[in-house]
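Have a look at the structure below, then the notes.
The values are calculated or read from the model by the stated rules, or taken from the named source; none is laboratory data. Every value quoted in this text rests on a predicted model; they were computed, and no experiment measured them. No Cβ is skipped: glycine too gets one built from the backbone with ideal geometry, and neighbour counts run over all protein chains shown. Please note that ligands, DNA and RNA were not included when accessible areas were found on the heavy atoms of the full protein model with its side chains. Shrake-Rupley method; radii C 1.70, N 1.55, O 1.52, S 1.80 Å.
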Amino acid sequence: KNESPFARIIKLDKNYGICAGYNKAFSNVPQNIDYVVVIDQDVVFDKDYIKNIVERFNKEPRETIILMCDLEEPVIRTLALEEGYIKFFHGACYSYRNKYKKFMKFSEEFFGYTNEADLSVRLLNRDFKILFYPSCKLYHKKTLTKMTKFQMFYVTRNNIWFWWRNAPLLHAVFGSFLSMIFDYSRASRSRTLPQYFKGVLRAFLGLPYCLRTRKPSKYLSIRDMQDLTRIKSIPIVKFLVK
């Protein structure tokens, strides 16, 4: 507030979570703003970052709702993808067209984590496009190599919810099952198994919410899972990824 007196600060009265916090911020952006740049508090970007975003958005068709830039982290180093349209955006390095703000709404039940993937599928269902633009880069201070207890609970629960809210039935069943396997492995390595099992329990208790808000998408299948290469030899997995 002291360093940037020109900034408009929206101060919340409590911790509403990542999803609701962003929703409240997005809803407060004036209608006359063309583009919204979303960044984490520990992100640094080049001086021409915003200029490059605006110039690229102006070249894009009107259905391009999100522009995701390249991200470098101490562990990830870079997303290392070629420019093109993608299925999911990263929450630390994206911008969006403000005229579509009514569609830029995270599911607040998620609280945080996997919310970007959930919103991405919903946007694709509405025929929007998400562009990965690696010529525009930023740098993320994130240094965590292990899941914290807090993260493990929400990641486990939300990964299951993500599949049941968005995937065709067969992919929802196997996608959530495989997510449980992958998350169990991460929980074992990070010594957060109690939070993992709590997340699984809460996920299944929350399935009525998933079924009530479920919208199966043709854009989502288990072939989109990052760790799929390890289990492609399993017969049912081979069948689903054909």
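Quick notes on this one:
- Relative contact order (%) - criterion: Cα under 8 Å, at least six apart; region: the chain: 20 percent
- With protein chains left intact and a 1.4 Å probe, residues in the chain average 58 Å² of accessible area per residue.
- Spin-label model distance (nm) - THR148 vs ARG126, 7 Å beyond Cα toward Cβ: 3.1 nm
- Sequence-distant residues sharing a close amide H with ILE65 (under 5 Å, placed H): LYS129
- Our coupling estimate for segment 164-174, obtained by passing each phi through the Karplus curve with A = 6.51, B = -1.76, C = 1.60 and θ = phi - 60°, is 6, 7, 10, 9, x, 3, 4, 6, 5, 5, 6 Hz, Gly and Pro reported as x.
- Rounded to whole numbers, the Karplus 3J(HN,Hα) couplings from phi for segment 33-47 are 7, 7, 10, 10, 9, 10, 9, 6, 6, 10, 10, 10, 10, 5, 5 Hz, using 6.51 cos²θ - 1.76 cosθ + 1.60 with θ = phi - 60°, and x at Gly and Pro.
- Between TYR133 and MET68, CYS69, ASP70, the built amide H atoms are under 5 Å apart, and every one of these is 5 or more places off in sequence or on another chain.
- Nearest 10 degrees, 0 to 90: helix 115-125 Cα axis against the chain principal axis: 80 degrees
- With contributions of -39500 (n - 2.57) from each DSSP H run of at least four residues, the per-residue ellipticity at 222 nm computed over the chain stands at -12500 deg cm²/dmol.
- Eligible aspartates and glutamates near LYS129 by straight Cα distance, threshold 18 Å, same-chain separation 8 or greater: ASP34, GLU55, GLU60, GLU63, ASP70, GLU82, GLU83, GLU116, ASP118, ASP224
- The chain: antiparallel DSSP beta bridges as a percent of all, rounded to 5: 65 percent
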